[in-house]
Amino acid sequence: MQISRRALLGKAAVGAAGVLFLPPALRSVFAGDCSPTPRQDLGPFHPTRRMGPGLDGMVHGIPGRDMRRLLHEDNDNVLTEVRGRAGSADLGRVGYVLYVFGSVTDEDCDPIAGAEVEIWQACVTGRYNHQQQVSRDRFDPDFQYTGRAVTNAQGAFLFKTVQPGAYRNDPSWVRPPHIHAIIGAPGYHDLTTQLYLSGTDLQFGERLYGPEAFDILNGRDNVIRNWLRTSDDRRRATSAVTALADEPNLPADVRFEDGARQARYDIVLRRNPLEPLPPPPEPAPEPVVEGADEAPDAGAPGDDEPRDDRGITDALEDRRGD
Ligand SMILES: [Fe+2]
C-alpha cells in the first residue's frame, strides 16, 4: 500500500508533473556544529568499470574517467527502480525502502546550492554492482546501485534507496551496511565519505539479527576505526534509521511504502581557497505586464511572497505515481 504524504500533511510540493521537490527548508538543519564532515576511504567498488556480461550492462563507466562523474543510463535519485525494468529493488526479509536526505552546507552553516551528491552502495544482500567484488550474494537487477542528486537553494538533497546489506570483506571482517558518497561543489573541496546506519533489524546471509548488530558491526569496522577517530566523527557519519511517518522534512507528496524509513545526513564542505566561488544567481527579471504603463505599485499583491526557486534538479521522480 502506498500513502500520499499530502493526504497526511495537507501540504503540496509538486513541481512539474510527476516530479517531487524538497520543501523550502529543512527544519533545524543549520543549527549547531558545522565543522567539516570527515572524509573516508573511497573503497574498491566505486562504479566506474564496466561489469561483465550477463548483468544487464547497468554500469557504463569508462576506466580512467573523472571518478566524480558516474556514467549510467540511470543514475537519478530513485535507486529502488531501474529505468526500463518493471520490478522494484528487493528488500530481503527485514530490509526497507530508505529515504536518505539531508543538507550540504559550508563551515558557516550556510547552505550550498547546486552541490552534486553521488552515492553508491550494495543492494540488500550486500552485493555491489562491481566486478572487483568477490561475492556469491544475489545481484539485484532491479536495484540501481548508484544515484545522483543536486542540492536545491536550501542545500537539501534526497534519495530513495534501500537499506544496504552488510558484506564480508575478509574472513574476519564484515563491513557494516553503509552508503558511499562523493559530494562536490564549485569553490569547495570534494568530499569522499561513507554513511552508516543504526537502529533496525538486519539480515546477513540467511540469518536475522536485532538492532544491536549495527552497533557491533560499526564498532568493529576497520574503515570506521581508521577514518573516524573521534566519537564525534562517528556520530556525524551515522544516522539512526527511523520511521518515515515521523519525519516532517520530506516532501509532502512522497508516496511511502509500508515500512519505509528515513536516514538523515548533514554534510559540511570545506572551502577551497584556490577555487573561486560561483557568482550569486542573477535576480529574476521583472515580469512584463501588458498595459501596465504606470509606475509599478510597490505594494502590489504578491510582492512580499517568496520567489519559488525550487527548479533545481533535486527532484524525486515518482514514476509509480505516473
Ligand atoms: Fe562499501
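Every read-out reported here was derived from the displayed coordinates using simple, explicitly stated rules and does not represent laboratory data. Predicted, not measured: the structure shown is a model, and the values here were computed from it. For neighbour counting, all protein chains shown are included, and Cβ atoms are generated from backbone atoms with ideal geometry for every residue, glycine included.
Within the stretch 118-155, the residues that satisfy the criterion of being in contact with a Gly (Cβ under 8 Å, 6 or more places away or on another chain) and hydroxyl-bearing (Ser, Thr, Tyr) are THR125, SER135, THR151.
Please determine whether any residue of the stretch 168-177 is part of a strand (DSSP E or B), crowded, with 22+ Cβ neighbours inside 10 Å, within 13 Å of the ligand (Cβ to nearest atom) and not small (Gly, Ala, Ser). Yes. For ALA185, the requirement of being away from the ligand (no atom under 16 Å from the Cβ), hydrophobic (A, V, I, L, M, F, W, C), over 19 Å from ARG234 (Cα atoms) and in contact with a Phe, Trp or Tyr (Cβ under 9 Å, 6 or more places away or on another chain) is not met. Restricting GLN154, GLN163, GLN133, GLN194 to those that are away from the ligand (no atom under 15 Å from the Cβ) and either crowded, with 18+ Cβ neighbours inside 10 Å or more than 21 Å from SER88 (Cα to Cα) (or both) reduces the list to GLN154. Among the residues of the stretch 197-214, those that are part of a strand (DSSP E or B) and more than 15 Å from the ligand (Cβ to nearest atom) comprise SER198, LEU202, GLN203, ARG207, LEU208, TYR209. Within the stretch 105-117, restricting attention to residues that are surrounded by fewer than 22 Cβ atoms within 10 Å (Cβ to Cβ) and in a strand (DSSP E or B), which residue is farthest from the ligand (Cβ to nearest atom)? Among those residues, the one meeting the criterion is PRO111.
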